Amino acid sequence: MKSLEGTSNPEFSVAMPAAEHKELAAHLLKSKKEEDVAFALYKPSDGARRFTALIYKIIFPEKGDRIQHGNVEITPQYFKRVCQIACSENAGIALLHSHPSPSIGWQGMSPDDITTEQSYSPTCATLTDLPFIGLTLSSDETWSARIWKSDKFGSRRQDAVTVRIVGKRLQVSYNDFLLPVPEFKDTFKRTLTVWGADNHAHLARLRVGIVGLGSVGSIVAEHLARMGMERVVLIDFDEVQEHNLDRLSGATLEDIGNLKISVAERQLRRAATARAIDVIGLPYPITEEKGYRGALDCDVLFSCVDRPWPRSVLNHIAYSHLIPVIDGGIAVRLNSITGMFEGADWQVQTVGPDRACLCCLKAFDPSHVSTERDGKLDDPSYLTGLPQDHLFKRNENIFPFSTNLASLEVMQFIEMVTSMGGTEYYGPQRYSYNHGFIRLLGEDNQCTEECFYQAGLAQGDTLFPAPIGHDHAAAAAKLRQK
């Protein structure tokens with residue numbers, strides 16, 4: 001078995017784009033009295049501690065594929081057709097069925113459910129070299145899921161911790177037994193008044209990653225700690241330098257030479273309002289496999305990086321692995337002659353399914369990614385030859401700018417998860433220091449038809465490492481042919 005290796009008991013989850021969820025809900029819940037069924041294909045997403053099945057294609061039943069009589073029976077012709085398609089696409093197989101009304105919440109399994117799924121597991125594992133997945137949809141559109149691990153001793157079931165529906169909103173079905181609702185403290189009394197107990201339980205149980213623990217990332221970390229987040233992953237290989245102290249939250253002279261993630265973890269634990277907080281620090285760049293794999297364990301990622309290569313990798317993760325990325329950047333303008341301040345702007349956007357990607361939003365330039373990968377951004381002679389106002393030299397920033405941007409990123413996170421403001425997604429937001437207003441860039445921003453990242457939606461590890469520098473149009477066309 002090529003997945004679920006490397007950890008003794010990895011966490012298991014399922015994720016699907018919102019469009020696939022909508023189609024499945026319409027099909028599976030069209031009758032309130034009868035169960036229905038569908039197969040789907042998935043690609044694996046192997047994190048450091050979590051295996052996720054990414055649903056990317058639904059294979060609906062055709063005439064003669066199933067027999068409905070309250071319960072539902074699957075005919076051999078349906079399963080055979082699904083196996084043929086899965087083998088041709090090098091994909092795993094998932095069986096999805098409904099429980100009729102009035103089923104609500106995370107569902108258990110009936111003896112018939114167990115027998116059916118267990119019977120499919122060995123064949124699927126042998127044909128696809130991937131474990132078989134089962135999902136159940138209740139009448140309130142809550143998913144439950146499990147993975148079947150087949151070996152010489154038979155098929156064993158492991159329940160999922162979460163099922164994520166990723167679109168403009170992030171909807172998550174939680175297995176309350178494996179990931180219980182947090183115990184609320186008096187500390188949260190006023191917070192709960194704003195967004196309510198259900199929204200708090202949703203926010204607090206997400207595993208949130210922060211990539212880049214510099215000026216913006218360190219402030220985002222403190223926001224999350226005080227909000228009551230329980231599971232946080234910190235990804236950054238860099239150390240604290242003296243020139244960081246004017247804008248790195250919590251850092252002091254004594255921290256010079258220490259890892260930024262160490263400072264951030266200390267601040268997180270000091271500021272945490274949750275009864276318990278699980279902090280994982282990864283001293284690696286997102287552009288290397290250990291940092292990349294750690295990011296795949298997360299439900300949401302904050303992009304607090306200032307270089308094109310890590311941004312491109314995070315952009316890839318947002319689509320290929322269905323993990324929304326909240327990204328922000330600051331541009332400070334200095335007069336090229338006098339060196340005096342002329343203005344500043346900062347922008348924040350969330351990317352993932354149903355949204356334009358960072359590349360198409362011009363948050364990074366693919367040609368600059370190649371420049372960084374070639375090591376030129378760390379070459380003083382290369383940088384010296386660039387104009388003074390070149391973006392590679394625009395690394396000035398001050399703490400108030402970072403604080404404002406961090407706050408905007410966190411607000412996009414809250415709205416994506418709770419929709420308490422009445423919208424699913426604000427769209428890209430740009431703040432102009434010179435004029436003191438926020439401009440909404442609108443939701444009419446679209447990716448181009450040749451966008452490689454959109455073509456790789458839910459393709460998971462098929463595309464690791466992020467294929468920067470390739471012919472994106474040709475790669476997208478190839479993916480669409482599958």
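The values are calculated or read from the model by the stated rules, or taken from the named source; none is laboratory data. All figures in this text were calculated on a predicted structure; none of them were measured in a lab. Reconstructed Cβ throughout: ideal geometry from the backbone, glycine too, with neighbour counts over all protein chains shown.
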Any pair with Cβ under 7 angstrom, 6 or more apart, that starts in the range 127-144 at a residue that is within 18 Å of residue 461 (Cβ to Cβ) and ends at one that is hydroxyl-bearing (Ser, Thr, Tyr) and in a loop (DSSP other than H, G, I, E, B): 130/3; 131/3
Those residues of the range 184-242 which are aromatic (Phe, Trp, Tyr) and in a helix (DSSP H, G or I), in sequence order: 188, 195
Whichever residue in the range 201-248 is polar (S, T, N, Q) and touching a residue at least 40 places away in the same chain (Cβ under 8 Å) and, among such residues, is farthest from residue 163 (Cα to Cα): 215
Candidates 311, 355 - the one that is at pLDDT 90 or above, crowded, with 22+ Cβ neighbours inside 10 Å, among the charged types (D, E, K, R) and assigned to a helix (DSSP H, G or I): 311
Subset of the range 314-345 [in a strand (DSSP E or B), surrounded by 24 or more Cβ atoms within 10 Å (Cβ to Cβ) and either among the hydrophobic types (A, V, I, L, M, F, W, C) or not assigned by TED's automatic domain parsing to the domain that holds residue 298 (or both)]: 325, 326
Residue match in the range 187-198 (condition: of a type outside the set (Phe, Trp, Tyr), closer than 15 Å to residue 105 by Cβ and assigned by TED's automatic domain parsing to the domain that holds residue 232): yes
Tally, over the range 414-424, of residues that are in contact (Cβ under 8 Å) with a residue 12 or more places away in the chain and touching a helix residue (DSSP H, G or I) at 6+ places or on another chain (Cβ under 8 Å): 5
Of all residues making up the range 363-382, the number that are modelled with pLDDT under 65 and assigned to a loop (DSSP other than H, G, I, E, B): 1
Lone unmet requirement of (1) within 29 Å of residue 297 (Cα to Cα); (2) surrounded by 15 or more Cβ atoms within 10 Å (Cβ to Cβ); (3) in contact with an Asp or Glu (Cβ under 7 Å, 6 or more places away or on another chain) for residue 78: (1)
Matching residues in the range 394-426 - criterion: being closer than 30 Å to residue 173 by Cβ and not in a helix (DSSP H, G or I): 419, 420, 421, 422, 423, 424, 425, 426
